[in-house]
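These notes concern the structure reproduced below.
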Amino acid sequence: MARYLARRAALLLLSLVVAMLVIFALLRLLPGDPANALISVNATPEQIAAAREQVGAGEPVLAQLRAWAGQLLAGDLGTSFISGQAVLPDVANRLSVTVPLTVIAFVLAVVAACVIGFVAAYRADRWYGIVLSGFAQLGIAVPAFWVGMILVWIFALDLGVLPSGGFPRAGWAEPGQTLRYLALPVLTIVVVMTASLTRYVRSATLEVLGSDYLRTARALGASLPGAFWRHGVRNASVPVISILGVELASTLLGAVVIESVFALPGLGSMLTRAIAQHDYPGIQGVLLVTTLLVLVIGFLADIAQRLIDPRLRATTTGRSA
């Protein structure tokens with residue numbers, strides 16, 4: 001297992017390096033000159049040259065790559081072309097919005113999906129089991145921004161019990177007030193993610209309920225809930241965990257949509273603004289941090305699968321040998 005962890009960590013590092021190169025290359029293919037963000041429409045050639053020198057656009061591409069790699073190794077994401085401020089503190093500040101939004105919604109969605117998925121599988125022949133399965137199929141087809149607008153209309157405009165968007169200036173200084181502002185964005189993600197996860201939980205539960213080992217446990221006198229809890233939960237959770245990693249990563253990446261709908265000052269809004277202003281350090285910083293988080297999520301999901309499923313551990317051990 002130790003060798004496997006070392007290989008996965010090395011692969012994680014290699015993937016991050018490749019992602020860094022891809023991000024750097026793709027940004028250089030964007031139309032427009034980043035120096036344009038610093039000059040007026042009627043700028044003179046001297047002003048344009050000075051702006052290009054300021055943002056480093058006049059240097060060779062390899063020199064720009066070496067400079068950026070050196071900054072990253074020093075723990076520096078660069079300096080914004082527009083604000084002149086360091087990118088890393090801005091990213092860290094916006095993570096205080098994006099990460100809680102994603103984690104809270106993810107935990108609530110997992111709990112809801114486990115309950116709904118189990119009931120939908122256990123009572124697949126009852127009307128409410130069919131309704132729950134239909135909810136899952138319908139929820140997948142509904143765009144997240146549409147769900148968000150409906151929730152704003154109901155809870156903010158009609159009932160007036162929750163704010164329609166924004167974020168407190170004091171941040172998390174008053175957690176209760178902050179959670180009120182995050183309530184609708186979190187609920188939006190929960191609705192969409194629960195619908196998606198419910199399908200996988202239902203499918204995994206149905207497979208376990210029809211397994212020979214569960215029927216044997218029932219024949220030996222165990223109740224269905226007891227037999228499922230003792231023998232089936234671990235087997236049902238293995239395929240679901242891999243999906244959880246994908247769903248958590250997609251939720252993090254989809255923050256740009258939710259944050260735009262609810263005007264949240266997270267990574268999504270920072271990325272949108274940086275792209276509009278051709279702020280390369282800001283774009284590179286957000287994309288790199290987001291990519292790192294996605295890779296770490298995949299790494300942890302893979303490790304969790306092997307800790308739960310002894311068959312995967314045996315395969316890992318056999319390959320190491």
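The values are calculated or read from the model by the stated rules, or taken from the named source; none is laboratory data. Given the structure is predicted, the values throughout are model-derived calculations rather than measurements. For neighbour counting, all protein chains shown are included, and Cβ atoms are generated from backbone atoms with ideal geometry for every residue, glycine included. For the accessible areas, the whole protein counts, side chains as well, though only heavy atoms, and no ligand, DNA or RNA atoms are used. Shrake-Rupley method; radii C 1.70, N 1.55, O 1.52, S 1.80 Å.
Here are some notes:
- Where a residue in the stretch 185-197 is in contact (Cβ under 8 Å) with a residue 24 or more places away in the chain and its partner, wherever it lies, is among the aromatic types (Phe, Trp, Tyr) and open to solvent by less than 10 Å² (accessible area, probe 1.4 Å), with Cβ under 9 Å and at least six apart: Pro185/Phe262; Thr188/Phe262
- Of all the listed residues (Ser40, Ser15), the sole one being more than 16 Å from Ala274 (Cβ to Cβ), modelled with pLDDT of 70 or more, out of contact with any His (no Cβ under 8 Å at 6 or more places or on another chain) and of a type in the set (Ser, Thr, Tyr) is Ser15.
- Residues of the stretch 166-209 classified as surrounded by 22 or more Cβ atoms within 10 Å (Cβ to Cβ), hydroxyl-bearing (Ser, Thr, Tyr) and within 15 Å of Gly148 (Cβ to Cβ), total: 2
- Here Arg94 meets the list (1) open to solvent by 80 Å² or more (accessible area, probe 1.4 Å); (2) among the charged types (D, E, K, R); (3) modelled with pLDDT of 85 or more almost entirely, failing just condition (1).
- A Cβ distance below 6 Å, combined with a sequence gap of six or more or placement on separate chains, defines the contacts here; from the stretch 90-119, residues that are more than 18 Å from Leu253 (Cα to Cα) reach residues that are surrounded by 22 or more Cβ atoms within 10 Å (Cβ to Cβ) and of a type in the set (D, E, K, R) in the pairs Gly117/Arg202.
- Taking the criterion of being open to solvent by 40 Å² or more (accessible area, probe 1.4 Å), of a type in the set (A, V, I, L, M, F, W, C) and out of contact with any Lys or Arg (no Cβ under 9 Å at 6 or more places or on another chain), the residues of the stretch 73-91 that qualify are Leu73, Ala74, Ala86, Leu88.
- Selection status of Ala124, over 16 Å from Ile243 (Cα atoms) and outside any helix (DSSP H, G or I): yes
- Members of the stretch 163-183 that are more than 22 Å from Val115 (Cβ to Cβ) and aliphatic (A, V, I, L, M): Ala170, Ala173, Leu179, Leu182
- Matching helices (runs of 4 or more DSSP H) fully within the stretch 185-265 where at least 1 residues are at pLDDT 80 or above and touching a helix residue (DSSP H, G or I) at 6+ places or on another chain (Cβ under 8 Å): 233-253, 255-262
- Flag for Phe135 being in contact (Cβ under 8 Å) with a residue 60 or more places away in the chain and closer than 18 Å to Ser260 by Cβ: no
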